[in-house]
1. Go ahead and estimate [θ] at 222 nm for the chain from helices alone: -39,500 (n - 2.57) per DSSP H run with n ≥ 4, summed, over the residue count, rounded to 500.
2. For labels at Arg75 and Leu12 in the simple 7 Å Cα→Cβ model, what's the distance in nm?
3. Run through every distinct alpha carbon pair of region 92-194 and return the Kirkwood hydrodynamic radius in angstroms, one decimal place.
4. Note down the nm distance, to one decimal, between modelled labels 7 Å out along Cα→Cβ at Ala131 and at Arg157.
5. Counting only protein heavy atoms and using a 1.4 Å probe, what share of the accessible area of the chain belongs to carbon plus sulfur, as a whole percent?
6. Per residue of region 4-18, what does 6.51 cos²θ - 1.76 cosθ + 1.60 with θ = phi - 60° give for ³J(HN,Hα)? Whole Hz please, x for Gly and Pro, Karplus curve as stated.
7. At 7 Å along the Cα-to-beta-carbon direction for both Leu41 and Ala60, put a label point, then send me their distance in nm to one decimal.
8. Give, in whole angstrom and from largest to smallest, the semi-axes √(5λ) of the equivalent ellipsoid of region 88-151, with λ running over the eigenvalues of the Cα gyration tensor.
Amino acid sequence: MYRILEALVRWLAPILSFTAEEIWQFMPARTARGQRGESVLFETWYDGLDGLQASAQQRAFWNDLLAVRYELGKRLEQLRKEGGIGSSLDAEVDLFVPDDWLTRYRSVRDELRFFFITSSLNLESDKHAPADATLVTLEAASGPTQLRFRVRPSEQRKCVRCWHHRPDVGVQPAHPDLCGRCVTNVDGPGEQRKFA
């Protein structure tokens, strides 16, 4: 998040100069690169984000997920137009992928619902794909890859804070309209997130 802020405040400076300057003043005075300049208006383009995806593996990891999100987005939009959902957060998705993809995305499988902007995303082996799952062929980094997905409207209650439909909404008596994640963020230490 820090690297994103470091880049974003510089991008905003020509357009929202006063806002960018105010943000700059609240950022730490010292960075890994040394002392921060006194004004964002004297800074140059931030190139620290390039290092986050320096390897071909990292680029392939995210590019393949983006390709899946593009295909899934078509189905979500179709379901929205049909009146089945109001937004993508009203949907639950089962994604059936080859076993090498299961291994590749195992470490972030619980985070994928945030990337795909759905209330639930279950990652399964394509060997368990039902006949009614939509088949798509992607141009993945390793070549053409077939996978299947199934989209359905969620039957879970909607959290009033994050708008995700979750089975744990209302479990905490003190917060009858919040999901467990939001209770942790509001009354607890905050959620722990992890990415690749």
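The values are calculated or read from the model by the stated rules, or taken from the named source; none is laboratory data. Everything numeric here is computed off the predicted structure, so don't read it as measured data. For neighbour counting, all protein chains shown are included, and Cβ atoms are generated from backbone atoms with ideal geometry for every residue, glycine included. With ligands, DNA and RNA removed, areas are computed over all heavy atoms of the protein, side chains included. Shrake-Rupley method; radii C 1.70, N 1.55, O 1.52, S 1.80 Å.
1. For the chain, the value works out to -10000 deg cm²/dmol.
2. With each label placed 7 Å out from Cα toward Cβ, I get 3.7 nm.
3. When all Cα pairs of region 92-194 are included, the Kirkwood radius is 15.2 Å.
4. In this crude spin-label approximation the distance works out to 3.8 nm.
5. On the chain, the fraction of accessible area on carbon and sulfur atoms equals 54 percent.
6. Calculated HN-Hα couplings, in order: 5, 4, 4, 6, 4, 5, 6, 5, 6, 3, x, 9, 10, 4, 5 Hz.
7. Output for this residue pair reads 4.7 nm.
8. One finds semi-axes of 18, 15, 11 Å for region 88-151.
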